[in-house]
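J.: The structure's right below; bear with me while I get my questions together.
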Amino acid sequence: MPGAPHPRETPRLIGQAQAEEGFLDAYRSGRLHHGWLITGPKGVGKATLAWRIARFLLATPMDEGSMFGAPELEVSKWGTIGVDWRTMMTNLPGVFAAGDIVRGASLVVWGVRDGRDAAESIHSYITAQSEAPRTAAAGA
């Protein structure tokens, strides 16, 4: 908006308390959405709200090692999940990952390939798990 100060030069946010509190509630609950749609007419503080949210997220350190509520899940220093590249299984038995969460931002073709490889490994894993009790019972 012409003449309006840049959001970084706006110390107070007026009229967006409900939206700001909604974001903070989601953040505190650990269920922060991957995207937020900030809408409204010109001049209501959308850019300032977005600036404040971005500044908050950049200034608040992530709780390293507790991705998806599993502190034992191996996470790299780049925030990606570690996997065995042959099987796409994480360090947690029966937990598989593929795509950007493993590679970081990458080409979609790699995500598709990783997904296909993970699906094959998941099928093999589930098949082996379901056959193990039958094999044990037959040998008993």
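J.: Determine the shape class of region 67-139: with a ≥ b ≥ c the square roots of the Cα gyration tensor eigenvalues, call it rounded for a/c under 1.5, and otherwise prolate if a/b is greater than b/c, oblate otherwise. Intermediate results must be reported in sequence, preceding the final value.
T.: On the way: a/c = 3.89, a/b = 1.75, b/c = 2.22.
Oblate, because a/c is 1.5 or more while a/b does not exceed b/c.
J.: Here's another thing I want to ask about it. From the P(r) of the chain, could you give the percentage of C-alpha pairs in the tail past 19 Å? Working shown, then result.
T.: Working: 6509 of 9730 pairs.
Cα-Cα pairs of the chain separated by over 19 Å account for 67 percent.
J.: Further question on the same structure: Can you tell me the length gained on complete extension of the stretch residue 56 to residue 129, counting 0.36 nm per residue apart and subtracting the Cα distance? Intermediate values should be presented prior to the final figure.
T.: Details: separation 73, 0.36 × 73 = 26.28 nm, distance 4.45 nm.
Length gained, residue 56 through residue 129: 21.8 nm.
J.: So for the pair residue 95, residue 110, with labels modelled 7 Å out along Cα→Cβ, what separation do we get in nm?
T.: It is 2.3 nm.
J.: Let me ask something additional. Given charges of +1 on the Cβ of Lys and Arg and -1 on the Cβ of Asp and Glu, with all other atoms neutral, how large is the dipole of region 67-139 about its Cα centre, in debye to the nearest 20? Intermediate values should be presented prior to the final figure.
T.: Numbers: 6 positive and 8 negative charges, 19 e Å.
So the dipole magnitude of region 67-139 works out to roughly 100 debye.
J.: 222 nm [θ] for the chain, helices only, -39500 (n - 2.57) per DSSP H run of 4+, per residue, to 500?
T.: So the calculated ellipticity at 222 nm is -15000 deg cm²/dmol.
J.: What dipole magnitude, in Debye to the nearest 20, does the chain give about its Cα centre under +1 on Lys/Arg Cβ and -1 on Asp/Glu Cβ? Mind showing how you got there, number by number?
T.: Numbers: 14 positive and 14 negative charges, 120 e Å.
That gives a dipole near 580 debye.
J.: So, one more: Compute the Rg to Rh ratio over region 7-59 from the alpha carbon atoms, using the Kirkwood formula for Rh, and round to two decimal places.
T.: On the way: Rg = 11.0 Å, Rh = 11.7 Å.
We get a ratio of 0.94 for region 7-59.
J.: So for the chain, taking the charge dipole from beta-carbon charges (+1 Lys/Arg, -1 Asp/Glu), which of 10, 38, 75 sits furthest toward the positive end?
T.: Final value for the positive-end residue is 10.
J.: Given H placed 1.01 Å from N in the peptide plane, which residues other than close sequence neighbours of residue 75 have an amide H under 5 Å from its amide H?
T.: 82
J.: Taking the highest mean first, how do the peptides 71-80, 96-105 order by number of other beta carbon atoms within 10 angstrom per residue?
T.: Working: 71-80: 12.2, 96-105: 16.8.
Per-residue Cβ counts within 10 Å, averaged per peptide and sorted highest first, yield 96-105, 71-80.
J.: Something else: For the chain, list the DSSP H helices whose alpha carbon atoms reach 24 Å or more along the long axis and whose average Kyte-Doolittle value is 1.0 or above?
T.: Values: long enough: 108-139 (46 Å, -0.28).
Taking the DSSP H segments of the chain (at least 24 Å long, mean hydropathy at least 1.0), we get none.
Each reported figure results from applying straightforward, stated rules to the coordinates on display, with no laboratory input. All values reported here derive from a predicted model rather than from experimental measurement. Every residue, glycine among them, receives a Cβ derived from its backbone with ideal geometry; neighbour counts consider all protein chains shown.
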